[in-house]
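Novice: One structure, as structure tokens, below. Some questions next.
The values are calculated or read from the model by the stated rules, or taken from the named source; none is laboratory data. The structure displayed is predicted, hence computed values, not measured ones. Glycine also receives a Cβ, built like all others from the backbone with ideal geometry; neighbour counts cover every protein chain displayed.
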Amino acid sequence: MSFRIRRAGIMQLQNQLSDGLEAVADRLLAEAQARAPVETVRDPAFTRDTLHTDKTHSREWPKPAVFVSTASGDGFFVHEGTVDTPAQPFLSQALDSIQRQIPAIIRTQTKGRR
């Protein structure tokens with residue numbers, strides 16, 4: 001018995017994994033927006049309002065990536081805290097809250113595709 005690698009099949013798998021990765025980023029974004037502080041010492045709600053996903057690298061193989069981040073210059077400091085401001089780690093809390101759901105999110109996104 002011999003096996004032949006089908007390039008189209010590999011591309012299809014890669015696309016499905018990228019679709020799943022993008023769905024995880026969307027879910028993480030929604031969870032982070034719900035957890036982001038409405039009022040901060042720095043700029044009320046600006047951190048939450050500038051949260052976004054960056055999916056431009058989701059189809060780069062062999063290392064696809066998606067990012068959920070804030071465009072606010074204060075986002076890092078809100079999340080990690082400063083000398084005079086306590087940390088409000090809304091991004092890591094959002095990731096912790098969906099961690100067990102990630103395989104299901106990917107399965108749901110790619111279900112029924114061939």
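Novice: Take the residues in the range 24-37 that are assigned to a helix (DSSP H, G or I) and hydrophobic (A, V, I, L, M, F, W, C); name whichever of them is surrounded by the most Cβ atoms within 10 Å (Cβ to Cβ). Break it down stepwise before answering.
Specialist: If we filter the range 24-37 for residues that are assigned to a helix (DSSP H, G or I), which is where we start, we get 24-35.
In the following step, the residues that additionally are hydrophobic (A, V, I, L, M, F, W, C) were identified as 24-25, 28-30, 32, 34.
Details: Val24: 21, Ala25: 20, Leu28: 23, Leu29: 18, Ala30: 14, Ala32: 25, Ala34: 11.
It comes out as Ala32.
Novice: Return the residues of the range 50-83 that are in a loop (DSSP other than H, G, I, E, B) and closer than 17 Å to Pro37 by Cβ; say none if nothing qualifies. Spell out how you get there, then give the answer.
Specialist: Within the range 50-83, the subset in a loop (DSSP other than H, G, I, E, B) is 50, 55-66, 71-74, 81-83.
Across the range 50-83, the qualifying residues are Thr50, Ala71, Ser72, Gly73, Asp74, Gly81, Thr82.
Novice: For the range 38-53, give me each residue that is surrounded by 13 or more Cβ atoms within 10 Å (Cβ to Cβ) and either over 18 Å from Gln109 (Cβ atoms) or modelled with pLDDT under 95 (or both).
Specialist: Kept after step one, since they are surrounded by 13 or more Cβ atoms within 10 Å (Cβ to Cβ), are these residues of the range 38-53: 40-43, 45-53.
Across the range 38-53, the qualifying residues are Thr40, Val41, Arg42, Asp43, Ala45, Phe46, Thr47, Arg48, Asp49, Thr50, Leu51, His52.
Novice: Mind listing just one residue for me: the one in the range 77-114 that is of a type in the set (Ser, Thr, Tyr) and in contact (Cβ under 8 Å) with a residue 40 or more places away in the chain and, of those, surrounded by the most Cβ atoms within 10 Å (Cβ to Cβ)? It would help to see each step written out before you state the result.
Specialist: So in the range 77-114, the residues of a type in the set (Ser, Thr, Tyr) come out as 82, 85, 92, 97, 108, 110.
If we keep only those that are in contact (Cβ under 8 Å) with a residue 40 or more places away in the chain too, we end up with 85, 97, 108, 110.
Details: Thr85: 14, Ser97: 15, Thr108: 12, Thr110: 17.
By that ranking, first place goes to Thr110.
Novice: Give me the pairs, please: first residue somewhere in the range 1-23 and surrounded by 11 or more Cβ atoms within 10 Å (Cβ to Cβ), second residue anywhere and basic (Lys, Arg) and assigned to a helix (DSSP H, G or I), beta-carbon distance under 9 Å, and either six or more positions apart or on two chains.
Specialist: Gly20/Arg107
Novice: For the range 60-114, what are the residues that are farther than 21 Å from Leu17 by Cα, within 14 Å of the chain's Cα centre (by Cα) and of a type in the set (Val, Ile, Thr)?
Specialist: Thr70
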